[in-house]
1. Looking at Val86, Val113, Val74, Val127 in this structure, which one is closer than 20 Å to Thr179 by Cβ, of a type in the set (Val, Ile, Thr) and modelled with pLDDT of 90 or more?
2. Could you pull out the residue among Arg172, Arg183, Arg227, Arg193 that is within 26 Å of Glu136 (Cβ to Cβ), out of contact with any Gly (no Cβ under 8 Å at 6 or more places or on another chain) and of a type in the set (D, E, K, R)?
3. Report, by residue number, each residue of segment 25-44 that is part of a helix (DSSP H, G or I), surrounded by fewer than 17 Cβ atoms within 10 Å (Cβ to Cβ) and not acidic (Asp, Glu).
4. Give just the number: which of (1) more than 29 Å from Ile153 (Cα to Cα); (2) of a type in the set (D, E, K, R); (3) in contact with a His (Cβ under 7 Å, 6 or more places away or on another chain) does Arg35 not satisfy?
5. Could you list, in sequence order, all residues of segment 1-36 that are closer than 30 Å to Met168 by Cα and free of Cβ contacts under 8 Å to residues at least 60 places away in the same chain?
6. Within segment 184-193, how many residues turn out to be outside any helix (DSSP H, G or I) and either aliphatic (A, V, I, L, M) or closer than 30 Å to Glu65 by Cα (or both)?
7. Take segment 204-250 and flag every residue that is among the charged types (D, E, K, R), at pLDDT below 65 and surrounded by fewer than 16 Cβ atoms within 10 Å (Cβ to Cβ).
8. Which pairs turn up if I take residues in segment 46-62 that are closer than 16 Å to Arg96 by Cβ and look for partners that are at pLDDT below 90 and surrounded by 11 or more Cβ atoms within 10 Å (Cβ to Cβ) with beta carbon separation below 6 Å, at least 6 apart in sequence or on another chain?
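The values are calculated or read from the model by the stated rules, or taken from the named source; none is laboratory data. Here the structure is a predicted model, which means the values were calculated and not measured. So basically every Cβ, Gly included, is an ideal-geometry build from the backbone, and we count neighbours across all protein chains shown.
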Amino acid sequence: MISLEAIGIPGAGKSTVVSAAVHQLAESGIAAWDRAAHQRAIAGLHAARGGRLARARALALFAGERHDLVRSIVRLTLRTRPPLPVSWVRAWNLWRMAHNEHLLREEGTPPAVVLHDQSLLQEIWSVLYLRPCSDEDALRGVLEALVEWLPDIVFLPRVDGDVALARMAERRGRVGVTTDLDRMNLRAEDMERTQDEAIRIAEMAADVAGARLVVTNGSVDPTLQVRAILAAIDARGGEVALQSVGRGTKRDDSLAG
């Protein structure tokens, strides 16, 4: 399985590009999951194990097995200033996502390619919740604890803050409020500052996991960004076929102008 995860600020175009890439792969005859298909598979695995009690028991056992991950998530959350209740909600979501990825790899049958527009890396960014993390060791510690579930490819679309805000406003007009950020009076500089955090997470994740980092200009035609993603998937497929072991970070920022 080759996995790709997008990370970036709201309005960067993550979902648009990832959905188009999944569609393109399907047209080429390559089995691929998007976030919805991934969630359905996870729900099926939980249903097969039993109800909510069984899920709670599994989470408790996972906590006992992976106390290093629990500690690292708590540490990162405590290092955000000022501490906010929403950060602990995001931290719990990150823990559940890690358990889901563990379950999928242990008991699931994922397809050749899985593409996420909202998963572990984006949830780490959400824990910070518009605030910089001054403790680099805490951030790296979470990524190292999650390393076995980190993606093979990290996709990072970058946009100007005013572009992101305009896209968020357009989306609110179509579908209403979809995130907490839609309720906040954000400025372009707020978006660009938190985008710097997303960039730092993406670069550090690629370094920790030896993943390929694909950076694009999120304002350009999504078709061009899809091509960059498909090229990275093709390259990663070649690496798997060759069973290469030297997985240093590979950066592709040809569309990052």
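1. Val127
2. It is Arg193.
3. Ala26, Ala36, Ala37, Gln39, Arg40, Ala43, Gly44, listed by residue number.
4. (1)
5. His23, Ala26, Glu27, Ala36
6. 2
7. Arg247
8. Going by the 6 Å Cβ cut-off, the qualifying pairs are His46/Arg55.
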